[in-house]
């Protein structure tokens, strides 16, 4: 048994975050094209600003790529910054097929990923990005410093003709807050 462990440590990427994608290995630092060659096209891609400069605008972006293997496996979120794979996150179990349309207010919960939101509810009616400060002592996922402005996306959803619209706030690709908006016009 002890002879097997040193051999495992010698495998490329065994200790530095490589993960299996089909029969290939993908590793932190890989180019997006290399990941797509090994894993195929992602099921969903979201792009967010990470930094802005007054008078210039957005100067940095992060891409989240989602892979859904179905209910037998975990959804994977790959995070790319500056043209390199930076992080791989395993999320909850995947889901089968297209489940869009089941967008009841009960479905809109904190903790859902942006991919799950789009899969359950479809694309939002409208979206916008705001910047909010992260307070001292905050432990916001995404490696933000205290007192730094972070991008927060707001998505507006229609949950039915007799329901109030919902505003879904997402930070770092996760739902952090859901609030009720005005009723749809004409109702």
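Read the figures in this text as sums done on the coordinates, not as results from a lab. Computed from a predicted model, the values in this text were never measured in an experiment. FYI the Cβ positions are ideal-geometry reconstructions off the backbone, even for glycines, and counts take in every protein chain you see.
The figures follow:
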| read-out | value |
| --- | --- |
| Ranking of 50, 162, 180 by count of other Cβ atoms within 10 Å, fewest first | 162, 180, 50 |
| Residue order, fewest to most surrounding Cβ atoms within 10 angstrom, among 89, 177, 64 | 177, 89, 64 |
| Cα gyration tensor shape for region 16-93, rounded if a/c is under 1.5, else prolate or oblate | prolate |
| Neighbour-count order for 93, 157, fewest beta carbons within 10 angstrom listed first | 93, 157 |
| Sites residue 163 and residue 123 - FRET efficiency at Förster radius 22 Å, r taken between beta-carbons, to 0.05 | 0.80 |
